[in-house]
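First the structure, in the form of structure tokens, and then the observations on it.
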Amino acid sequence: MYSREEWDDIYKVHMNDAPWMSKICAEGHIAFLDKFLLDVKGKRLLDYGCGNGLIAYHYFLRGAIVELADISDSLVEWLKKKYEKDGIKVFQAATPQDIDDDNGLYDIIIANSLFHHVQPDLWTSFLKGFAALLNPDGLLLLSGWDETDDIAKVRVAPYTKRVTWPITNIDENIKNVRHFKIVDEQVHGVGLPGFFDKNKMFKYYILKKKKNEVLY
């Protein structure tokens with residue numbers, strides 16, 4: 001997993017030109033997520049690893065109560081300047097366990113383009129952390145590189161030069177965690193302009209928290 005310092009270094013240089021910070025990229029993910037987030041009015045939504053926040057802001061405009069979290073201090077400060085005037089809470093968190101749930105649980109958590117940056121031996125911990133933050137029947141929408149994408153084949157992201165992990169096998173972690181049932185899983189292409197010459201293939205999992213599962 002990239003460290004807090006590594007992400008800070010990336011955003012200090014590439015806040016405005018990183019491919020995943022583009023409007024086109026956000027719109028590509030929204031086109032998929034909208035299929036499962038039809039009614040968000042009044043629901044608490046956390047976007048964890050939120051990038052430029054455009055995905056969550058789309059749902060804010062549709063009536064969701066939105067909070068943004070990211071590991072990078074540089075990005076968090078940028079997001080505060082951009083969104084706090086709208087009453088959107090922004091905070092720093094390196095893992096889901098860093099998020100204070102004293103203010104209540106979430107109905108929706110988006111962890112978009114996150115898990116391919118997290119080494120597989122931490123996937124279970126992240127999934128448990130998200131489960132602890134969700135209301136019963138709450139949704140976790142996560143995505144990462146699919147194994148068919150060319151980045152997944154070489155295991156090194158060409159933009160950041162860091163190791164990445166395709167998330168195709170995360171379904172085993174989901175089953176072992178037991179807190180979630182898989183509502184849907186699909187592969188969807190998303191454009192990342194200015195650097196990549198074609199759509200990147202993301203694997204999406206739509207998970208619903210089980211009502212009666214005891215957290216451990």
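The values are calculated or read from the model by the stated rules, or taken from the named source; none is laboratory data. Quantities reported herein were computed from a predicted structural model and do not represent experimental measurements. Cβ placement follows ideal geometry from the backbone for every residue including glycine, while neighbour counts extend to all protein chains displayed. Calculation scope for accessible area: heavy atoms of the full protein, side chains included, ligands and nucleic acids excluded. Shrake-Rupley method; radii C 1.70, N 1.55, O 1.52, S 1.80 Å.
Screening the candidates Leu37, Leu33 for the property of being within 14 Å of the chain's Cα centre (by Cα) and in contact (Cβ under 8 Å) with a residue 40 or more places away in the chain yields one hit, Leu33. Might you check whether a residue that is surrounded by fewer than 20 Cβ atoms within 10 Å (Cβ to Cβ), touching a helix residue (DSSP H, G or I) at 6+ places or on another chain (Cβ under 6 Å) and among the hydrophobic types (A, V, I, L, M, F, W, C) occurs anywhere in the range 63-82? No, the range 63-82 contains no residue that is surrounded by fewer than 20 Cβ atoms within 10 Å (Cβ to Cβ), touching a helix residue (DSSP H, G or I) at 6+ places or on another chain (Cβ under 6 Å) and among the hydrophobic types (A, V, I, L, M, F, W, C). Scanning the range 9-51 for residues that are of a type in the set (D, E, K, R) and either at pLDDT 90 or above or at positive phi (or both) returns Lys23, Glu27, Asp34, Lys35, Asp39, Lys41, Lys43, Arg44, Asp47.
Of everything in the range 156-193 that is of a type in the set (A, V, I, L, M, F, W, C) and part of a helix (DSSP H, G or I), the residue that is surrounded by the most Cβ atoms within 10 Å (Cβ to Cβ) is Ile170. Just one of the listed residues (Lys128, Lys153) is assigned to a helix (DSSP H, G or I) and farther than 24 Å from Ala93 by Cβ, and it is Lys153. Looking across the range 83-97, the residues that are loosely packed, with under 13 Cβ neighbours inside 10 Å and not small (Gly, Ala, Ser) come down to Glu84, Lys85, Asp86.
Kindly evaluate Thr148 against the criterion of being open to solvent by 60 Å² or more (accessible area, probe 1.4 Å) and either of a type in the set (Val, Ile, Thr) or outside any loop (DSSP other than H, G, I, E, B) (or both).
Working: open to solvent by 60 Å² or more (accessible area, probe 1.4 Å): yes; either of a type in the set (Val, Ile, Thr) or outside any loop (DSSP other than H, G, I, E, B) (or both): yes.
Against the criterion (open to solvent by 60 Å² or more (accessible area, probe 1.4 Å) and either of a type in the set (Val, Ile, Thr) or outside any loop (DSSP other than H, G, I, E, B) (or both)), Thr148 qualifies.
Of the residues that make up the range 157-168, is at least one of a type in the set (S, T, N, Q), in contact (Cβ under 8 Å) with a residue 40 or more places away in the chain and in contact with a Ser or Thr (Cβ under 9 Å, 6 or more places away or on another chain)? Scanning the range 157-168 turns up no residue that is of a type in the set (S, T, N, Q), in contact (Cβ under 8 Å) with a residue 40 or more places away in the chain and in contact with a Ser or Thr (Cβ under 9 Å, 6 or more places away or on another chain).
Given the criterion surrounded by fewer than 16 Cβ atoms within 10 Å (Cβ to Cβ) and outside any helix (DSSP H, G or I), identify the matching residue among Lys41, Lys12.
Details: Lys12 fails: outside any helix (DSSP H, G or I).
Residue meeting the stated conditions: Lys41.
One residue stands out among those in the range 4-26 that are within 18 Å of the chain's Cα centre (by Cα) and without any contact (Cβ under 8 Å) to a residue 60 or more places away in the chain: the one that is nearest to Leu79 (Cα to Cα), which is Met21. In the range 43-72, the residues that are of a type in the set (A, V, I, L, M, F, W, C) form Cβ pairs under 8 Å with partners that are in a loop (DSSP other than H, G, I, E, B) and open to solvent by 40 Å² or more (accessible area, probe 1.4 Å), at six or more places apart or across chains, as follows: Ala64/Lys41; Ala64/Gly42; Ala64/Lys43; Ile65/Gly42; Ile65/Lys43. Against the definition (more than 30 Å from Pro120 (Cβ to Cβ), in contact (Cβ under 8 Å) with a residue 60 or more places away in the chain and among the charged types (D, E, K, R)), how does Lys81 come out, yes or no? Answer is no for this residue.
Here Asp102 passes the criteria (1) open to solvent by less than 30 Å² (accessible area, probe 1.4 Å); (2) within 30 Å of Lys210 (Cα to Cα); (3) not in a helix (DSSP H, G or I) except the one numbered (1).
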